[in-house]
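In what follows, a structure is listed as structure tokens, so that the remarks can point back to it.
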Amino acid sequence: MNRWQKILSESITDPADLPPRFRVERQALREVVATYPMRINPYYLGLIERPDDPLGRQAIPDPRELADLVCPADPLGEENFSPVPNLVHKYPDRALFLVNSGCAMYCRFCTRKRKVGTDRFHIDPATLAAGLNYLEKTPAIRDVLVSGGDPLLLEDDRLEWILSGLRRIPSVEIIRIGTRVPCTLPQRVTAPLARLLKKFHPLYINTHFNHPAEITLEAARACGRLADAGIPLGCQTVLLKGVNNDTKVIRKLLHQLLMIRVKPYYIFQADLSRGTDHFRTPVREGLAIMGQLHGHTSGLAVPKFAIDLPGGGGKVQLLPDYALPEGKVHTFRNFRGGYCDYPDPE
Ligand SMILES: *Cc1c(COP(=O)(O)O)cnc(C)c1O
Ligand code: SF4
């Protein structure tokens, strides 16, 4: 067993095993976990000070998960865009390929909460082969986003089998891996893993950090190792109430990501995923945070703010409203709140 596998095997999955200092209502949490599993590995547990701190809220179950009467189970309509199981083809030239059902931690706000970490999420060699076969028969897809669950929780040889299968398809130009492992179990990013991934370039990784306290020495080492393997790293952050819906927190996160060579790619408005309503923030709050970033800090640090629209509408990018169009002269409100004109050509 590798070190990361040992850490993972020591995860807490029963609320009764949470440290007594957290003082949570164990019985209520057991009911939550019967529907939505919990997994907190010792590494991430060690970063949590209190259950209601920004990291505790992401990891520790909450009775409000079962009280959510607002959000649908499959908010992005993924099942309606799946030509074969575990493959989502929603945009013309790219697809999402789900290759593993488990994660190093079960994030309480997860979009695929309806199935992640449960037997409702079924992946086996036959679904993987069907996915590869669909990609082969659909040459319009040139960018494959490999996700789950977390692909990097697969053992090296299984991962290599999947990536080789993708690389054998001539129309697949770009392989992207979506993984939270650099944040939730950075020990998984071993030297052999980096050597393995390097064989499949052009390969990009989008990771997922939500709070500056997640950027530890271990996380920095993991991201450095991937960057040294020539893998461009991006980050997809989710705006979450009580976790990071605060300009100062987001700004610090974005700056620290750049320091570990991760380029912020998206900030997402939280999806309408059943069991996560208590994490959602108003759209205008996200826009206000973005207004405090554009122009106020390096463009390199500023991700796109997007909503993945309910019902499978897809992602739309939102910008603070700078443009105030009027006649042939356009008036813009800039990030400082001042007004500037731009005249159209005659
Ligand atoms: C987000 C997403 C992608 C990738 O979208 P980009 O904007 O290119 O990052 C592809 N497929 C699905 C289903 C997605 O949700
Ligand atoms: S790592 Fe990603 S897929 Fe896994 S539980 Fe967290 S948000 Fe969901």
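The values are calculated or read from the model by the stated rules, or taken from the named source; none is laboratory data. This structure is a prediction, so every number in the text was calculated from the model and none was measured. All Cβ positions, glycine included, derive from the backbone under ideal geometry; neighbour counts span all protein chains shown. Calculation scope for accessible area: heavy atoms of the full protein, side chains included, ligands and nucleic acids excluded. Shrake-Rupley method; radii C 1.70, N 1.55, O 1.52, S 1.80 Å.
Worth pointing out:
- Of residues in region 175-213 being part of a loop (DSSP other than H, G, I, E, B) and touching a strand residue (DSSP E or B) at 6+ places or on another chain (Cβ under 8 Å), the one farthest from GLN5 (Cα to Cα): PRO202
- Looking only at region 214-238, and only at residues there that are part of a loop (DSSP other than H, G, I, E, B) and of a type in the set (Gly, Ala, Ser), the one that is most open to solvent (accessible area, probe 1.4 Å): GLY230
- Residue list for region 170-189, filter: of a type in the set (Val, Ile, Thr) and touching a Leu at 6+ places or on another chain (Cβ under 9 Å): VAL172, ILE174, ILE175, ILE177, THR179, VAL181, VAL189
- Among (1) open to solvent by 10 Å² or more (accessible area, probe 1.4 Å); (2) farther than 30 Å from ILE7 by Cβ, the one test that LEU87 misses: (1)
- Test result for GLY275, surrounded by fewer than 13 Cβ atoms within 10 Å (Cβ to Cβ), under 28 Å from LYS113 (Cβ atoms) and touching a residue at least 24 places away in the same chain (Cβ under 8 Å): no
- As for region 248-269, it holds at least one residue that is under 30 Å from LEU29 (Cβ atoms), touching a residue at least 12 places away in the same chain (Cβ under 8 Å) and part of a loop (DSSP other than H, G, I, E, B).
Here is a yes/no grid of residues against (1) among the β-branched types (Val, Ile, Thr); (2) more than 16 Å from ligand 1 (Cβ to nearest atom); (3) open to solvent by less than 10 Å² (accessible area, probe 1.4 Å); (4) farther than 27 Å from GLU10 by Cα:
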site: ARG168; (1), (2), (3), (4): no, yes, no, yes
site: LEU240; (1), (2), (3), (4): no, yes, yes, yes
site: LEU253; (1), (2), (3), (4): no, yes, yes, yes
site: PRO264; (1), (2), (3), (4): no, no, yes, yes
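- Residue under evaluation ARG57, criteria (1) assigned to a loop (DSSP other than H, G, I, E, B); (2) in contact with a Lys or Arg (Cβ under 8 Å, 6 or more places away or on another chain); (3) among the basic types (Lys, Arg), criterion not met: (1)
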